[in-house]
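Here is the structure we will look at.
The values are calculated or read from the model by the stated rules, or taken from the named source; none is laboratory data. All figures in this text were calculated on a predicted structure; none of them were measured in a lab. Heads up, the Cβs are rebuilt from the backbone with ideal geometry, glycines too, and the neighbour counts pull from every protein chain shown. What goes into the accessible areas is simple: the full protein's heavy atoms, side chains included, and nothing from ligands, DNA or RNA. Shrake-Rupley method; radii C 1.70, N 1.55, O 1.52, S 1.80 Å.
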Amino acid sequence: MTDLRNDLPDDGPAIELAMGTLVTLDDDLAEVDVLAQQSVAARSSTQTVMRRFRQHRAAMSGFVVLVAIILLAFSSIGFGPVPGWWKLDFKIPMPLVDAGAPTLSVWPPSLGEHPFGQDNIGRDYFALTMKGAQQSLIIAFLVGIVGTVIGTVIGACAGYFRGWTEAVLMRLTDVMITIPLLAVAAVIAVSSKGLGGVWILGAFLGLVTWTGLARIVRGEFLSLREKEFVDAARSVGASSGRIIFRHILPNTIGVIIVAATLAISSAILLESALSFLGFGVQSPDTSLGQLINSYRSAMTTRPWLFWWPGLFIIAIALAVNFIGDGLRDAFDPRQDRVKA
Amino acid sequence: MFVFVVRRAVVSFFIVLASTALMYVLVALSGNPLKDLLEYNGPGREARIAARTAALNLDVPIPGRYVLWLQEVGTCVAPGGDECTLGLDRKLRPVLPQLDVALGSTMRLVIAATVLALLLGVVTGVVTALRQYSTFDYSVTFIAFLCFSLPVFWVSTLLKQYIAIDLNTWLQDPQMTYASIGLLGLVAGLIWTIVIGGDARRRLVVAAVAAAATSGTLIVLLNVGWFRRPALGIAGIAVSALVLAFLWSALFAGLRPRTRPVLYASLATAVAGTIVVALAQPLMAEMTWLTFGALVLVLIALGLGIGYLVGGHTRRLAMQISAVTAVSVVVLMSVDQLMRAYPALFKATGGRPMATTGSQTANLNGTFWESNLDLGLHLALPTLAIMLISFASYTRYTRASMLDVMNQDYVRTARAKGLNERTVVVRHTFRNALIPLATLVAFDFAGVLGGAVVTETVFGWSGMGKLFTSGLSNIDPNPVMAFFLVTAVATVLFNMLADIAYAYLDPRIRLR
């Protein structure tokens, strides 16, 4: 009887039903077996995580908001050669309508000529904000990806190989941690200025944002490398690379995904702070932080030039943070009840 | 312990060495310091290029330049090291005096933000953990996430634009309509009812009482012109001190008959402290840091003495809590004096006391309290902007840590053996939950410094952030390196202190 209970996957309302059945039909084991097989659908760990994530209300709203913002930013003004559905271009000045005030109205719902208003030389601010959001999103995701890959590899090597590798890599991490992220990012951004473009900036910023993840991954590897399944893999002659990437890494994927999500949200804030200080994205290129920086002095006369990019930064960062929180709960094996 | 500190100091030294070397190379590669002169076509071009090349050692390759810079830093550390400059900037001025000024104002900002964020964050975190999944918990969680997602520069600009300027305008003529007084009362009622919670009836009572109290206080304050000449007065100090004395004893000692002496001791300290403050009023006008320190020591000694005499079998606890009460009296006294200094400062600043630029009013020449109030008002908004993120992380961390400890077996044992809830929460849970925070504070430090860089730009402070940003955008390596030197040393130091504090707080950890 106890064996049977242990075999049941420890998860979800379906099991509670099966357990209830177990108790009522305690004397007829065969029938229980059949019932258990019928009512408990086996779920892979990915399915479990996905299910828990979908039940996390805050995370799902964050996910919907993020997807909506990404779709809006990339479909409205188009990306690269692909044209978007919005009629105005972000580069072309137009005659000022009503001193450039926003024409967006919630009730009766209408976009008007310039929903987010116009800047001081009459460019359509909706198109500009969308362009800025595109650039900021590209940088944030690049930083997230580059930082996560570097952090994972460094943490994995340090945790798996121990010894000299670990000493060198972890001292390197300690060195990086002594420097305020914003400051080192500013220096890196200034150095990469001549190379141009948001892609370069994103990749370079990724080079300095891996420290936290490296420490976390190392910790996971330190405990996992002592487990029996690693010994088993080693005894059948698996190479170090295979053990790291096929055996240990999949067990740390939850931690890594959560950290990567949070890295994206901090990257968007980092990029905007850098651009605000004048070290990040340079004019005529644009980003959300750069927009706020260039229209800072217009705050009293044209406050909308300040509000829209700020609201987009907050919306993106908040959405990503909620997704990260939901993922953390979803990956947590101790979580038996999902809270919104 | 000693071995640990020595070993750690050696490791830290090499870490600082490596991090400064790394940053030196990066800064050197970020641009050519001669760029503006190379594009310059006026007279004396060659001479100026030569002067700057010599001053910044630009004729030496980068590794050699780093070694020369290290020597410069070394003369500052070595005893009898005169001529210590930390290098020259591009205008051939020594960096050290600039760093001195910058460090003072930035440290004020960073320390104020960290302390405030820590206090508020821990209190909020504990309350959310105790009332997990309540409306209050959900609201705080949402606010914390919002704080994590706020760009510091955006908040700073908003604070400057709306809070500072509008508040100054309001302070010119502090009047309120009854509608806005009522609205403020309603908001206060809503906040208190969310914080205190309970069933529907209790919520209604709490909301009504809080709303009435807030509105009533506001009406009285407005009518007596309190916002023009604010003060607590001796009576205000006495009442607040008694309330705080009661609160501290109820919180940390409980109101059982066994710990009654603690309550008596701290109430007595409140009364005696207020009398001392009243007697010391003539001193206030001529206050300096020396007399202030002496007054603080006298009050703490008074608290310890009363605790010793009244404490009985709970002497130790009585002394501690009386000392805390004495410190509270000092804080109340300072608040009172700062408030009394307000009218003078109001006049000195032309009726706009809430500062938006700089770290102090130039040529103020006020008394001790006036200049400190001025510093405080300059600090208020930048501190608020920086502390939001730290506040959010302390809240979340304290909450998680409290929940973790509350599920430990020994807490269940404490409940099972019949300890009251206060003892379980304050002695068994809270103290253990605080331990991991020591590490977080140290780690947070570098982040707060980064936030300071941004806020200083918005509020026009000439601090470390200014040194860094202007140095970096003008391609001026030595001020930038001074910034990195300070942050690296500070971070390493804080990490070491955190580890020592950790081992002191948690006997399971041994320093090796």
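Here are the numbers for this structure:
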| item | result |
| --- | --- |
| The one condition in (1) in a helix (DSSP H, G or I); (2) surrounded by 15 or more Cβ atoms within 10 Å (Cβ to Cβ); (3) away from chain A (no Cβ under 14 Å) that B:Phe153 fails to fulfil | (3) |
| Pairs with Cβ under 8 Å, 6+ apart, first in the range A:217-231 and within 11 Å of A:Cys157 (Cα to Cα), second of a type in the set (S, T, N, Q) | A:Val217/A:Thr152; A:Val217/A:Thr252; A:Phe221/A:Thr252 |
| Every pair of residues 6+ apart whose Cβ atoms lie under 9 Å, when the first sits in the range B:265-287 and is open to solvent by 40 Å² or more (accessible area, probe 1.4 Å) while the second is of a type outside the set (Asp, Glu) and assigned to a loop (DSSP other than H, G, I, E, B) | B:Ala285/B:Thr367; B:Glu286/B:Thr367 |
| Yes/no for B:Ala488 being within 10 Å of chain A (Cβ to nearest Cβ), at negative phi, touching a Pro at 6+ places or on another chain (Cβ under 7 Å) and not β-branched (Val, Ile, Thr) | no |
| Subset of the range B:7-46 that is open to solvent by 70 Å² or more (accessible area, probe 1.4 Å), in a helix (DSSP H, G or I) and not β-branched (Val, Ile, Thr) - its residue that is nearest to A:Ala189 (Cα to Cα) | B:Leu29 |
| Selected residue [more than 27 Å from B:Ser390 (Cβ to Cβ), more than 14 Å from every other protein chain (Cβ to nearest Cβ) and in a helix (DSSP H, G or I)] from A:Ile248, A:Ile256 | A:Ile248 |
| Residue under evaluation B:Val5, criteria (1) touching a residue at least 60 places away in the same chain (Cβ under 8 Å); (2) away from chain A (no Cβ under 14 Å); (3) within 23 Å of B:Val95 (Cα to Cα), criterion not met | (3) |
| Boolean, B:Leu120 is over 30 Å from A:Trp308 (Cα atoms) and not in a helix (DSSP H, G or I) | no |
| Selection status of B:Val441, modelled with pLDDT under 85 and either surrounded by 18 or more Cβ atoms within 10 Å (Cβ to Cβ) or within 11 Å of chain A (Cβ to nearest Cβ) (or both) | yes |
| Breaking point among (1) in a helix (DSSP H, G or I); (2) of a type outside the set (Val, Ile, Thr); (3) more than 13 Å from every other protein chain (Cβ to nearest Cβ); (4) over 32 Å from the mean Cα position of the chain (by Cα), for B:Leu58 | (1) |
| The lone exception for A:Tyr160 - which of (1) crowded, with 24+ Cβ neighbours inside 10 Å; (2) within 30 Å of A:Arg225 (Cβ to Cβ) it fails | (1) |
| A:Thr209 vs. criteria in a loop (DSSP other than H, G, I, E, B), in contact with a Ser or Thr (Cβ under 8 Å, 6 or more places away or on another chain), closer than 26 Å to B:Met481 by Cβ and not aliphatic (A, V, I, L, M) | yes |
| Residue satisfying condition, being within 14 Å of another protein chain (Cβ to nearest Cβ), farther than 21 Å from B:Ala102 by Cα and among the aliphatic types (A, V, I, L, M), within set B:Ala452, B:Ala392 | B:Ala392 |
| Qualifying residue in the range A:186-203 (condition: part of a loop (DSSP other than H, G, I, E, B), at pLDDT below 85 and more than 14 Å from chain B (Cβ to nearest Cβ)) | yes |
| Residue list for the range B:130-147, filter: in a helix (DSSP H, G or I) and not small (Gly, Ala, Ser) | B:Leu130, B:Thr135, B:Phe136, B:Asp137, B:Tyr138, B:Val140, B:Thr141, B:Phe142, B:Ile143, B:Phe145, B:Leu146, B:Cys147 |
| The range A:49-91, subset in a loop (DSSP other than H, G, I, E, B) and under 19 Å from A:Pro309 (Cα atoms), residue least open to solvent (accessible area, probe 1.4 Å) | A:Gly78 |
| Qualifying residues in the range B:32-49 (those that are within 14 Å of chain A (Cβ to nearest Cβ) and touching a Leu at 6+ places or on another chain (Cβ under 9 Å)) - the one nearest to B:Gly74 (Cα to Cα) | B:Pro33 |
| Residue in the range B:333-354 that is touching a Gly at 6+ places or on another chain (Cβ under 8 Å), closer than 28 Å to B:Leu103 by Cβ and open to solvent by less than 40 Å² (accessible area, probe 1.4 Å) present | yes |
| Of all residues making up the range A:217-242, the number that are of a type in the set (Val, Ile, Thr) and surrounded by fewer than 18 Cβ atoms within 10 Å (Cβ to Cβ) | 1 |
| Residue within the range A:310-325 that is under 23 Å from A:Val208 (Cα atoms), away from chain B (no Cβ under 11 Å) and either surrounded by fewer than 24 Cβ atoms within 10 Å (Cβ to Cβ) or not acidic (Asp, Glu) (or both) present | no |
| Matching option when the condition is hydroxyl-bearing (Ser, Thr, Tyr), part of a helix (DSSP H, G or I), open to solvent by 20 Å² or more (accessible area, probe 1.4 Å) and at pLDDT 85 or above, among A:Thr152, A:Thr165, A:Thr129, A:Thr173 | A:Thr165 |
| Single residue of the range A:261-304 satisfying the filter (assigned to a loop (DSSP other than H, G, I, E, B) and of a type in the set (A, V, I, L, M)) that is surrounded by the most Cβ atoms within 10 Å (Cβ to Cβ) | A:Val281 |
| Some residue of the range B:470-482 being more than 10 Å from chain A (Cβ to nearest Cβ), within 22 Å of B:Ala380 (Cα to Cα), touching a residue at least 24 places away in the same chain (Cβ under 8 Å) and not hydroxyl-bearing (Ser, Thr, Tyr) | no |
| Members of the range B:121-150 found to be facing chain A (nearest Cβ under 8 Å) and more than 20 Å from the chain's Cα centre (by Cα), listed by number | B:Tyr133, B:Phe145, B:Leu146, B:Ser149 |
| In the range A:176-185, residue most open to solvent (accessible area, probe 1.4 Å) [restricted to those that are facing chain B (nearest Cβ under 8 Å) and part of a helix (DSSP H, G or I)] | A:Leu181 |
| Subset of the range B:87-111 (residues that are open to solvent by 50 Å² or more (accessible area, probe 1.4 Å), outside any helix (DSSP H, G or I) and charged (D, E, K, R)) | B:Lys91, B:Arg93 |
| Criterion (closer than 30 Å to B:Trp461 by Cβ and either of a type in the set (Gly, Ala, Ser) or outside the structural domain of B:Gly104 (by TED's automatic domain parsing) (or both)) met by exactly one of B:Ala414, B:Ala433, B:Ala362 | B:Ala362 |
| Residue within the range B:192-201 that is open to solvent by 20 Å² or more (accessible area, probe 1.4 Å) and either under 27 Å from B:Pro230 (Cβ atoms) or within 10 Å of another protein chain (Cβ to nearest Cβ) (or both) present | yes |
